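Trainee: Attaching a single structure in structure tokens format; questions to follow.
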Amino acid sequence: MKKPYAFEVKDVAKYYDGGKVKALDGVTLQAEQGKIFGLLGPNGAGKTTIVRMLSTLLSPTRGTAKVLGIDVDKEPNKVREIIGLAGQYAAVDEFLTGRENIYMSGRLYHLGHAEAKKRTADILERLQLTDAADRQVKTYSGGMRRRLDLGASLIGQPKILFLDEPTTGLDPRTRLDLWNIIRDLVAGGTTILLTTQYLEEADELADHIAVIDHGKVIAEGTSDQLKARLGGDVVEFQLAHKRDLATALKAVASHAKKEPTIDEDGLTITVPVKDGSRSLMAVVGALNTAKIIPTSLSLHRPSLDDVFLALTGKKTQTSEDAASSASKKGKK
Amino acid sequence: MSMSKQIRNEISDTVVITRRNLYRYIRLPQLVFFSSIQPIMFLTLFNFVFGGAIGNGTAIPGGKYINYLLPGILAQTMLFGGLQTGIGLAEDMGKGIIDRFRSLPMSRSAVMAGRTLSDMVRNLTVAGIMLTVGTLLGFRFQNGFINAIGMIGILLLFSFAFSWVAAFLGMSVGDAETAQLASFVIVFPLTFASAAFVPIQTMPSWLQVFARNQPVTHLVQAARELALGVPSNGAIWKSAVWSLAILSIFVPLAIARYRSRAV
Ligand SMILES: Nc1ncnc2c1ncn2[C@@H]1O[C@H](COP(=O)(O)OP(=O)(O)OP(=O)(O)O)[C@@H](O)[C@H]1O
Ligand SMILES: [Mg+2]
């Protein structure tokens, strides 16, 4: 028998205000076990709605959601046994210590005292919170709260972990730490649904990416597949003198996949190529033979940013934009 | 899952949540302090302001005004304290903590049962403080130890019942400030149009009809009977029935709210 999908949503919709707000409007997704599934989308796209649906907090207006083959709407309690949720805003108890927060979650997964205590200590260690473990959470920084929130969702050793924008508002260093923790979890066999507004994050972590906007999936695939949709690599170089332009174009013509484009300055030439670095070497060789020394030369791959822009007509946020908008947004 | 395991989990979840809420009261003792300040102010002011006007003596059931007043203020305090449950739950909801609990494989009633139970413990503490202050102002139980315990019991049962009303409201509005305002709207008419502070005969007749037949009056009369031996025409039973009836309606309503996954 085929392994069931880690999670699966079929044609789900969620309408509010009698259908005026379509938070989700017919989304179908399937995630394989043991991988990171990235859900990428701008503000209001419907990311949190999908997470809430899969984590039994919300029932769909239409369609079905399943986790490891279990229907979320029919058997929510069975689903709760196998999932962990770290929501978009850290849900931790201010007046408990970090240790008490995680331990409490453990007890609510019905672990015995000794087991809950042991796992709590392990998780605190893994999330580098041991030193602060016995301080009340109200003294924690934002990044520490996020890690603690993640820790509380790990204590049940979930098979499927839902992380809703886990790195929003974190500094680059802390974000890298969290990325490593996420990678470790997947290496240990956990499946992760990760929502993010950061392309580099999806690019870096996710095995499979779904881009959503306005409650609909607008593209899906691996990060390479998504980039390939934009036409692949380009070699870009700049000439020292305009008089070399014709020679240069002639030299690289046979290596170009499509017609090269020339910048307004008449010096910068962009050549779409088939084969990344191999094509780059060929272009260098051809220019060399033609005795042209460019002032600069580089190989570009389209970033997920380019993909996103092409798909949605919107620029995604850079990490910095998002961090500042997240801090403005504050708590729900 | 076997039945007994399920019951064991329900109890264990409720204990975990109760303890979590009690930690809050222990670590922020000012919370309990300030929830006692207001009723103590009421008790002291009413005693000295109305005590003179209404006077002590045989006209007042219970002899001294403080004896008459304290069960009334206690009833008000229990109602008010019970309604605090809604504020606590709405706060947890706003912080996303309720969502976390809802995503866990825990019992569906434990979050609210734990909250109402811990609020009952807080109310018991506040009642203890008020009895102490009352005693300093001259209050004395007139009806023996067992009945004194009975008075505290009937008051706590009432606060527990209204905790569940508040749990339902808090889960419905989902916002601490709204929950707070809603609780004022419930507390003031019920306590002032009751036998809590002044005899009902002194009210206009249209108001007497309401005042005679509402749960706070029955509670106050029950508390006075138990504390002072003033006969109350079955108010003890009426009050108990009120509390149980409120529980039988609002426990299922609140749990249904908690389970709801509409938004
Ligand atoms: N309870 C609700 N009532 C009405 N509209 C809602 C409700 N919840 C969500 N929405 C709407 O549904 C849409 C999707 O919301 P959702 O929270 O899923 O977006 P998101 O992708 O998580 O956005 P963000 O990146 O800002 O967190 C938004 O337009 C939002 O306003
Ligand atoms: Mg969101």
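The values are calculated or read from the model by the stated rules, or taken from the named source; none is laboratory data. What you see is a predicted model, and the numbers here were worked out from it, not measured in a lab. Neighbour counts run over all protein chains shown; Cβ positions are idealised from the backbone, glycine included. Surface accessibility is based on the protein's heavy atoms, side chains included, excluding ligands, DNA and RNA. Shrake-Rupley method; radii C 1.70, N 1.55, O 1.52, S 1.80 Å.
Trainee: What are the pairs with Cβ atoms under 8 angstrom where one residue, in region A:44-59, is in contact (Cβ under 8 Å) with a residue 24 or more places away in the chain and the other, located anywhere, is within 12 Å of ligand 2 (Cβ to nearest atom) and part of a helix (DSSP H, G or I)? Sequence gap at least six, or different chains.
Mentor: Sorted first by the residue in region A:44-59, then by its partner, the pairs are A:L58/A:T49; A:L58/A:R52.
Trainee: Follow-up. Given B:R19, B:R24, which one is within 12 Å of chain A (Cβ to nearest Cβ), in a helix (DSSP H, G or I) and touching a Phe, Trp or Tyr at 6+ places or on another chain (Cβ under 8 Å)?
Mentor: One residue alone meets the criteria, B:R24.
Trainee: Scan region A:21-39 and give yes if some residue there is within 12 Å of ligand 2 (Cβ to nearest atom) and either within 18 Å of the chain's Cα centre (by Cα) or open to solvent by 60 Å² or more (accessible area, probe 1.4 Å) (or both), otherwise no.
Mentor: yes
Trainee: A further question on this structure: Could you name every one of the helices (runs of 4 or more DSSP H) located completely within region B:70-175 that has at least 3 residues being more than 10 Å from the chain's Cα centre (by Cα) and among the aliphatic types (A, V, I, L, M)? If you could, list the steps in order and put the result at the bottom.
Mentor: Working: elements: B:97-103, B:110-136, B:145-173.
Helices (runs of 4 or more DSSP H) meeting the threshold: B:110-136, B:145-173.
Trainee: Within region A:191-212, work out how many residues are within 12 Å of ligand 1 (Cβ to nearest atom) and farther than 25 Å from A:L68 by Cβ.
Mentor: 2
Trainee: So, one more: Do we find that B:S163 is touching a residue at least 24 places away in the same chain (Cβ under 8 Å), hydroxyl-bearing (S, T, Y), open to solvent by 20 Å² or more (accessible area, probe 1.4 Å) and closer than 17 Å to B:P252 by Cα in this structure?
Mentor: no
Trainee: So, in region A:202-217, exactly how many residues are open to solvent by 20 Å² or more (accessible area, probe 1.4 Å) and either of a type in the set (D, E) or modelled with pLDDT under 90 (or both)?
Mentor: Summing the residues that are open to solvent by 20 Å² or more (accessible area, probe 1.4 Å) and either of a type in the set (D, E) or modelled with pLDDT under 90 (or both) in region A:202-217 gives 3.
Trainee: Looking at (1) of a type outside the set (A, V, I, L, M); (2) open to solvent by less than 10 Å² (accessible area, probe 1.4 Å); (3) more than 13 Å from ligand 2 (Cβ to nearest atom), which is the only condition A:K10 fails?
Mentor: Of the numbered conditions (1) of a type outside the set (A, V, I, L, M); (2) open to solvent by less than 10 Å² (accessible area, probe 1.4 Å); (3) more than 13 Å from ligand 2 (Cβ to nearest atom), the odd one out for A:K10 is (2).
Trainee: Right, next: Residue by residue through region B:219-260, note down the ones that are under 28 Å from B:S172 (Cα atoms), open to solvent by less than 40 Å² (accessible area, probe 1.4 Å) and of a type outside the set (A, V, I, L, M).
Mentor: Correct list: B:S239, B:S243, B:Y258.
Trainee: For region A:135-152, state whether one or more residues are within 16 Å of ligand 1 (Cβ to nearest atom) and modelled with pLDDT under 90.
Mentor: No, region A:135-152 contains no residue that is within 16 Å of ligand 1 (Cβ to nearest atom) and modelled with pLDDT under 90.
Trainee: The conditions are (1) surrounded by fewer than 15 Cβ atoms within 10 Å (Cβ to Cβ); (2) at pLDDT 90 or above, and A:L287 fails exactly one of them. Which is it?
Mentor: Unmet condition: (1).
Trainee: Right, here's the next one. Report every pair of residues separated by at least 6 positions or lying on different chains whose Cβ atoms are under 8 Å apart, first residue within region A:143-154 and over 10 Å from A:G106 (Cα atoms), second of a type in the set (D, E) and surrounded by fewer than 24 Cβ atoms within 10 Å (Cβ to Cβ).
Mentor: That search, which allows pairs on different chains as well, returns A:G143/A:D171.
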